[in-house]
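Undergrad: If you scroll down you'll find the structure; I have some questions about it.
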Amino acid sequence: MAENVRLDLDVFVATQYSKVVAAVGLITGNRQGAEDAVQDAIVGFLAKPPAHPVTNLAAWFTVVASNRIKDGYRSEAARQRAVAKLAMPVEEMTDQSELLDCDVRNALLQLPIRQRQVCTLHYLMDQSVRTIAEGLGVSEGTVKTQLHRGRKALAARLSKEVHRGLA
């Protein structure tokens, strides 16, 4: 990192940090989250500086930190929508999972988290590809890809279990 950028950052922290935190808190309505988001923006700036020179660090950090909080709000809202669409209390879902064949449950648990999410939502909870995409905040194509990969992995794992049981 260029020495002058480091000096600019030091000056920003010494003179404008608290103003930026207050501004982000005002923009987002989340004072505690604002401080964390500004600190995350600073860490991100240090880890991977922007491609173009930043002439106003205070404005840049305000925008980046505000966007991080807004992204968090969107993610939480999507999560809540997905849970609401399930229309089943979490306790019942736990009981339902125990009804699964132990080989199927074990095969699901071995999948990467995203494949496990989409396979569970689609095959066990009967959610559409569109609903899953909206709930997870990804494209329908991503859900279809994860379903395909998950289905292939489950088929491979479950066929091994069947052969093991017959041998």
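Undergrad: When residues of the range 53-71 are filtered for being of a type in the set (D, E, K, R) and surrounded by fewer than 15 Cβ atoms within 10 Å (Cβ to Cβ), how many remain?
TA: Total satisfying the criteria: 2.
Undergrad: Hey, among the residues in the range 75-92 that are under 17 Å from the mean Cα position of the chain (by Cα) and surrounded by 11 or more Cβ atoms within 10 Å (Cβ to Cβ), which one's modelled with the lowest pLDDT?
TA: Here the answer is Val83.
Undergrad: Which one is farthest from Asp71 (Cα to Cα), of the residues in the range 41-52 that are surrounded by 14 or more Cβ atoms within 10 Å (Cβ to Cβ) and out of contact with any helix residue (DSSP H, G or I) (no Cβ under 6 Å at 6 or more places or on another chain)?
TA: Pro49
Here is a yes/no grid of residues against (1) in a helix (DSSP H, G or I); (2) touching a helix residue (DSSP H, G or I) at 6+ places or on another chain (Cβ under 8 Å); (3) at pLDDT 80 or above:
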residue: Thr94; (1), (2), (3): yes, no, no
residue: Leu99; (1), (2), (3): no, no, no
residue: Leu109; (1), (2), (3): yes, yes, yes
residue: Arg114; (1), (2), (3): yes, yes, yes
residue: Cys119; (1), (2), (3): yes, yes, yes
residue: Thr145; (1), (2), (3): yes, no, yes
residue: Lys152; (1), (2), (3): yes, no, yes
residue: Lys160; (1), (2), (3): yes, no, no
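Undergrad: Within the range 123-133, track down each residue that is touching a helix residue (DSSP H, G or I) at 6+ places or on another chain (Cβ under 7 Å) and either at pLDDT below 85 or not in a helix (DSSP H, G or I) (or both).
TA: Met125, Gln127
Undergrad: Given the criteria among the small types (Gly, Ala, Ser), loosely packed, with under 15 Cβ neighbours inside 10 Å, modelled with pLDDT of 90 or more and more than 25 Å from the chain's Cα centre (by Cα), does Ala14 qualify?
TA: yes
Undergrad: Could you please find all residues in the range 56-74 being under 21 Å from Leu7 (Cβ atoms) and either more than 18 Å from the chain's Cα centre (by Cα) or modelled with pLDDT under 85 (or both)?
TA: Once the filter is applied, which keeps residues that are under 21 Å from Leu7 (Cβ atoms) and either more than 18 Å from the chain's Cα centre (by Cα) or modelled with pLDDT under 85 (or both), the range 56-74 yields Asn56, Leu57, Ala58, Ala59, Trp60, Phe61, Thr62.
The values are calculated or read from the model by the stated rules, or taken from the named source; none is laboratory data. Everything numeric here is computed off the predicted structure, so don't read it as measured data. Neighbour counts are summed over all protein chains in view; Cβ atoms, including those assigned to glycine, are modelled from backbone coordinates with ideal geometry.
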